[in-house]
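Note sheet for the following structure.
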Amino acid sequence: MAPVHLPPTMGEPGWFQKQSSWEFITTVDHEYYRLAWTNIALPKFLLSVVRWQALSVVDGKTKYETMAVFRGIVAYVVKFFMYQKLVLGFDAQAEGLKKQAEKP
């Protein structure tokens, strides 16, 4: 189970900001630096979420890519209520990873 703060915060989250997500790691690809996991909290016909993250080198710089695919009946509800918060969370995660990777 992974704790999630939406929208992202480094402080104590508000009442509706703190959520939990049950995830199962489906892919760890050391050769191509990719990682994927899926949400296992609900039956797939209700909500199926697959999240990929990948690192590659482009023009001598590290490129970070992330993708999330939401499927199922509840995906429409998630998009309506959570889309903007999820985008903020994905951006914050990418920025945190960048800061950590660029530490001297």
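Applying the selection to the stretch 36-63, what residues are under 15 Å from Gln93 (Cα atoms) and open to solvent by 60 Å² or more (accessible area, probe 1.4 Å)?
Trp52, Leu55, Lys63
So which pairs qualify, if the first residue must be in the stretch 47-66 and closer than 18 Å to Thr27 by Cβ, the second must be charged (D, E, K, R) and open to solvent by 70 Å² or more (accessible area, probe 1.4 Å), the Cβ gap must be under 6 Å, and the two must be at least 6 apart or on different chains?
Ser48/Arg71; Ala54/Arg34; Ala54/Glu65; Ser56/Lys63
The values are calculated or read from the model by the stated rules, or taken from the named source; none is laboratory data. Predicted, not measured: the structure shown is a model, and the values here were computed from it. Don't worry about glycine lacking a Cβ; one is built from the backbone with ideal geometry, like all the others, and counts go over all protein chains shown. The area values use the complete protein model at the heavy-atom level, side chains included, leaving out ligands, DNA and RNA. Shrake-Rupley method; radii C 1.70, N 1.55, O 1.52, S 1.80 Å.
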